[in-house]
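Single-structure report; data block below.
Bear in mind these aren't lab numbers, they're just calculated from the coordinates by the rules spelled out. Everything numeric here is computed off the predicted structure, so don't read it as measured data. FYI the Cβ positions are ideal-geometry reconstructions off the backbone, even for glycines, and counts take in every protein chain you see.
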Amino acid sequence: MACVYLSAAHKSSGKTTAAIGLLAAFAERGFKVQPFKKGPDYIDPMWLRRASGRSCYNLDYNTQTETEIRNTFTRHAARAEFALIEGNKGLHDGVDVEGRDCNAAMAKLLNAPVVLVLDTSGLTRGIAPLVVGYLAFDPDVTIAGIILNRVAGPRHEGKLRAALEYYTDVPILGALGRDDQLDLAERHLGLTTPCEVDRADKVIGRLRRAARNGIDLDRIAEIAAPHVPTPDADGPDISALSRDVRLGIARDAAFGFYYPDDLEALERAGAELVFFDTLRDSRLPRVDGLFIGGGFPETQMVDLEANASLRREIRKAAASGLPVYAECGGLMYLCRSISWEGKSHEMVGAVPFDAVMHRRPQGRGLVRLEDTGRCPWAPPTSASRRRVCAHEFHHAALENGPTDAVYAYRVKRGFGIDGAHDGFVTGNLMASFCHLRDTAQDHWAERFVSFVRACKRGSRGAATVSVEDDCPGRNRESVLY
């Protein structure tokens, strides 16, 4: 198989639109294509999955060791013929001043050739020193080609090509024109998701045609790395595992922020995943626990409020002891209300706070959490509190809550709920603004499923709650994560 690392000089250069177009174009040619995304991100992977037809896996220095990153990549890339890794921000951007967590470092770790997507708006000859600087800054990075993006027209493209060909030897692999129809709409948390965009497949089709017509796909196939080494350890065959607990997972236009390998870890721990729609399903499916991930409940709050029967069932189930875990948007949904742009709508009410959206982020970036020992499914307490790496990105703040609230984490870096704590706990419910990732540093999925199993068996002194009948007509097929 072959692989290529798509990066840029800075964020918002058009990496995602180029990645979508390339994946769709190679898939159109009959290639089995496998997407990856560097860093903590949910929305870009949704688009990459839609374009490729395969789950997109995140590669993240914050929550994974280098060995885990390499194994995640090689395990999934080995099942495809062409792998594409989309970077985040710029090629050399990262938290570490020495660049040990940047895209360049990951490209070297994975032995992947880099293709730079360069936003050429306002540039002509000036593109040459930019590229020369990138070539000189870290000579160990293989910059194998350039895609010119947002090119104004043939004359502009000619000037760019002339400058690059005169001052560098880096191949120009193609150009994408300045076209609003090739840009994905952005909002307060980044790109809109495919499930919110009318005719998302038509958007992908436009990007596929742009890549097919404007980029030399044959040349990209030639420069892509010819093979990927065997991973240090193969993943288990999830389909062969027995599952003795049913875990309800909200997945719809409001909630969709789930890492595919986290869902696989839940299955590996013995959970049957039962997906339900908070906007359309009037009743909970028969489940032993709930996981409500992040998303955009604020954009769907009218329909979430309208589905009063499901909100009522979730509130009663949580009060009766059903294990519930929620992240960010899921936390907001469990609150009494969500307020945004001068409007307020009633939510579940299982968490005694009101979620209020602000114009600026209230918490954003990588976080470090420390266990308080109060999480219902935390590991046994010890003399040294366990610390967890995670991430957060929320414009919401919680207001009008109890002053004696119980929290699962102390926030050592980041903001969480109040700047010092995250993970509100009540009964068997834990809800936080931070997003966990199931890796060696924190196998949260196994701990949560074990807790759900214990509650189901009654060994934790908690009531188990399940609605007797599945909602009629719901599609139970586990489609691509």
Worksheet item: Taking amide hydrogens as modeled 1.01 Å from N in the peptide plane, which residues meet the under 5 Å criterion relative to Leu59, leaving out close sequence neighbours?
Response: Lys37, Lys38, Gly39
Practice prompt. Give the angle, between 0 and 90 degrees and rounded to the nearest 10, that separates the Cα long axis of helix 15-28 from the longest principal axis of the Cα atoms of the chain.
Written response: 80 degrees
Worksheet item: Of the peptides 349-356, 90-97, how do they stack up when ordered by the mean number of other Cβ atoms within 10 Å, highest first?
Response: 349-356, 90-97
Item to complete: Considering the options Thr299, Ser13, Tyr42, tell which one lies farthest towards the positive end of the dipole of the chain, charges being +1 on Lys and Arg and -1 on Asp and Glu at the Cβ, about the Cα centre.
Response: Thr299
Worksheet item: What are the ³J(HN,Hα) values, in whole Hz, obtained from phi via the Karplus relation 6.51 cos²θ - 1.76 cosθ + 1.60 with θ = phi - 60°, for each residue of the stretch 338-345 in sequence order, with x given for Gly and Pro?
Response: 10, 10, 7, 6, x, 10, 10, 9
Item to complete: Within 10 Å of each residue's Cβ, count the other Cβ atoms and sort His394, His156, His435 from fewest upward.
Response: His156, His435, His394
Worksheet item: Once a ≥ b ≥ c are taken as the square roots of the eigenvalues of the Cα gyration tensor of the stretch 14-172, is the result rounded (a/c under 1.5), prolate (a/b larger than b/c) or oblate (a/b not larger than b/c)?
Response: oblate
Item to complete: Mind checking which aspartates and glutamates have their Cα closer than 13 Å to the Cα of Lys456? Skip sequence neighbours fewer than 8 apart in that chain.
Response: Asp244, Asp288
Worksheet item: Quick one: Kirkwood hydrodynamic radius for the chain, alpha-carbon pairs, angstrom, one decimal?
Response: 23.5 Å
Worksheet item: Among the lysines, which have Cα under 30 Å from the Cα of Lys11 when same-chain residues fewer than 8 positions away are ignored?
Response: Lys32, Lys37, Lys38, Lys89, Lys108, Lys159, Lys202, Lys412
Response to the item:
Sequence order, the stretch 211-224: Karplus ³J(HN,Hα) from phi using 6.51 cos²θ - 1.76 cosθ + 1.60, θ = phi - 60°, Hz rounded, Gly and Pro as x, gives 5, 4, 8, x, 10, 7, 5, 4, 5, 4, 4, 5, 7, 5
Worksheet item: Helix 308-319 versus the longest principal axis of the chain: what angle, 0 to 90°, nearest 10, using Cα atoms?
Response: 70 degrees
Fill in: Long-range HN-HN contacts of Ala2 with modeled amide H, under 5 Å
Phe82, Ala83
Worksheet item: Dipole of the stretch 2-223, Cα-centred, from +1 at each Lys and Arg C-beta and -1 at each Asp and Glu C-beta, to the nearest 20 debye?
Response: 660 debye
Fill in: Hz values of 3J(HN,Hα) by residue in the stretch 64-70 - Karplus curve (6.51, -1.76, 1.60), Gly and Pro given as x
10, 7, 4, 5, 5, 4, 4
Item to complete: Any chance you could check the Cα centroid distance between the stretch 67-100 and the stretch 1-51 for me, in angstrom?
Response: 12 Å
Worksheet, complete the sentence: Extend 7 Å from the Cα of Lys316 along its Cα-to-C-beta direction; within the stretch 247-290, residues with backbone N under 15 Å of that point are 282-287
Item to complete: Quick one: angle between helix 43-52 and the longest Cα principal axis of the chain, in degrees between 0 and 90, rounded to 10, please.
Response: 70 degrees
Worksheet entry | Highest average packing first - 320-329, 302-311, 364-373, 258-267, Cβ atoms within 10 Å | 320-329, 258-267, 364-373, 302-311
Discussion item. Which of the three applies to the stretch 283-334, rounded, prolate or oblate, going by the alpha-carbon gyration tensor with a ≥ b ≥ c and a/c under 1.5 meaning rounded?
Written reply: oblate
Worksheet entry | Simple spin-label estimate for Asp180 and Ala440 in nanometres, 7 Å along Cα-Cβ | 5.0 nm
Worksheet item: Fewest first, what order do Ser55, Ser7, Ser121, Ser13 take by the number of other Cβ atoms within 10 Å?
Response: Ser121, Ser55, Ser13, Ser7
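Rank these for me by crowding, Asp169, Asp418, Asp438, going from fewest to most other beta carbons within 10 Å. Please list the in-between numbers first.
Details: Asp169 7, Asp418 15, Asp438 22.
Final ranking by Cβ density, sparse to dense: Asp169, Asp418, Asp438.
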